[in-house]
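Notes to accompany the following structure.
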Amino acid sequence: MTLRTQTLQADVVRRRDGTGLLLRAAAAGDLAAFEGTVSEADGGAVLEGPADHANALALRAAIPALRPQLVSGHRTSVGTGDRTGLATSGQARAFADVGQGVFPVFAQQSIREMDRLGRSAREVLDDAVFGLVENGWESGYGADCDHIKSTEGIDRGLDAGFRMFTLDPGDEVRDVTAGITDQQVDALPWAALEDSRSDVLARYRGLVLEAAGERIAPTDAEILTAAVKYGGAVAEAVRLHRHLHENAPREAGAEVEVEIAVDETAWQTTFFEHHYLATELERLGVGWFSFAPRYVDGFEKGLEFRGNREELRRNLEVHHAVAELHGGYKISLHSGSDKFSVYPLALEATDGLVHLKTSGTSYLCALEAIAEEDPELFGTIWDISRAGYARAKASYQVSAHEDRTPADLTGIRTEDLVDLVRENEDARQILHVGYGDSLTAALADGTALADRFAADLRARHDLYTEVLTPHIARHLAPFAAVPAR
């Protein structure tokens, strides 16, 4: 497809040896902002240039549709992460096909994934821009610098042009399952919280809230437990939030927004703890449009929801009701890929005020294409992922067992390799969490595995898109069915 404006016609060219940008204009002067070789053709000017950062910036300057927008003004939204840098075109096609009314966040990657893959924040956003040009995308989109744990991560996102920042203070969440001690209470960062033990008790003592039929009336012990569990996280979120807003651009059209995420911890967020977090963050001047608590168990990587769906429904209903008590904000579903059975109930429980994040599922679609296009490379990726699974699984909610999967893929038919990715749940999880080891490995000849992987996907980008588009569309269809507010 082609992206057209009044003065430009933009195309992206995928070749095995790289990605290029092709621009056409009535006159060479219209192409002055871009890097590349200009020639005359068909009574106009043509530029052939690299798909690099300079040209991505020039495209964003020239074409408003390619500039990231705020997500907060949209009722339902879905983020589609991209570990390969080659998924955006297929993801955008899915939104065009079935995702009307759902706001897309095409540039979405966590700082952790960027570091594991050696990608910069600039590359993540640039790759999304070129994918949108390839698709001919003319609508808005968001850009989420995800799971940020440091001011350095914020600076990277700001430099690249991200506008949504998911602040993750989860490292400061404490285990209180065995109870708390006075020493833990005394050790809280009271100065950073601008608070004290007596003040926090006074603030919540006697509180009675009704949220979706749930009565929230904390005891003194529950108040102090929430403070010990989440007090450090509040202080860290405040620190990150202040840094973001002190360093964000001031010009119109460059505003930033925040999601707060405490989902990547081992301990569920109770309804009172959600209220505590929201109250304390508000008191300290933090603003956010989306919030990701730690829900009930069952959100495993790459698979359907494994928990009790009715328990999850109730969990979401009350978390949404707590959000409404604080002015209303989205409830965010992380690790949301392939949880098809819970999308309708999540939308119902939150009145459609929800943000879904998917990521690794697009990588699995890429592996389907690799299995068909380059079975030898797929076998190498499988060996690396399977060998490293015992270590990699420590960072994720997964339950796969290596012994339920083939140790050797030699002699397996291509169609069975594709089915291994598509149908075998243990294999999906092993491959899902093995991306870091695989995409940073070297092949036997010393070349980077990631280079051959990308070359294969560029060479058969049509195949990748054919696999990816219906899979992402299946995620989007329930969200598109929610009426706009």
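The values are calculated or read from the model by the stated rules, or taken from the named source; none is laboratory data. What you are looking at is a predicted structure, and each value in this text was computed from that prediction instead of being measured. As a convention, Cβ positions derive from the backbone with ideal geometry for all residues, glycine included, and neighbour counts pool all protein chains shown. The area values use the complete protein model at the heavy-atom level, side chains included, leaving out ligands, DNA and RNA. Shrake-Rupley method; radii C 1.70, N 1.55, O 1.52, S 1.80 Å.
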Once HIS74, HIS319 are ranked on solvent-accessible area with the largest value leading and a 1.4 Å probe, the list reads HIS74, HIS319
With +1 assigned to the C-beta of every Lys and Arg and -1 to the C-beta of every Asp and Glu, and no other charges, what is the dipole magnitude of the chain about the Cα centre in debye, to the nearest 20? 720 debye
In percent, how large is the relative contact order of the chain, given Cα pairs closer than 8 Å and 6 or more residues apart? 17 percent
In the stretch 377-436, which trypsin sites (Lys or Arg not before Pro) are in a loop and have at most 14 other Cβ atoms within 10 Å, using DSSP for the loop call? ARG413
With a cap of 14 neighbouring Cβ atoms within 10 Å, and only residues DSSP puts in a loop, list the trypsin sites (Lys or Arg not before Pro) found in the stretch 214-254. ARG250
Starting from the amide H of ALA292, placed 1.01 Å from N in the peptide plane, find each other amide H under 5 Å away whose residue is 5 or more places distant or on another chain. ILE260, ALA261, VAL262, SER332
Distance between the C-alpha centers of the stretch 360-414 and the stretch 79-119? Whole Å please. 21 Å
Count of lysine pairs in the chain with Cα separation under 25 Å (8 or more residues apart, or interchain): 16
Would you work out which of LEU201, PRO169, LEU345 lies farthest towards the positive end of the dipole of the stretch 168-358? Charges go on Cβ: Lys and Arg +1, Asp and Glu -1. LEU345
If each DSSP helix of 4+ residues adds -39,500 (n - 2.57) and the sum is divided by the residues in the chain, what number results at 222 nm, nearest 500 deg cm²/dmol? -14000 deg cm²/dmol
Taking the stretch 13-96, which trypsin sites (Lys or Arg not before Pro) meet the DSSP loop condition and have no more than 15 other C-beta atoms within 10 Å? ARG16
Starting at the first residue of the stretch 353-368, write each ³J(HN,Hα) from the Karplus equation 6.51 cos²θ - 1.76 cosθ + 1.60 with θ = phi - 60°, in whole Hz, x for Gly and Pro. 8, 8, 10, 9, 10, 10, 8, x, 5, 5, 5, 5, 5, 4, 5, 4
Dipole check, the chain, charges on Cβ (K,R +1; D,E -1), about Cα centroid: among ALA128, ALA450, ALA252 the Cα furthest to the positive pole belongs to ALA252
Mind listing the long-range amide H neighbours of VAL105? Cut-off is under 5 Å, sequence gap 5 or more, other chains count too, H placed in the peptide plane at 1.01 Å from N. VAL78, GLY79, THR80, GLY142
Need one word for the stretch 29-106: rounded, prolate or oblate. Basis is the Cα gyration tensor (sqrt eigenvalues a ≥ b ≥ c); a/c below 1.5 gives rounded, then a/b vs b/c decides. prolate
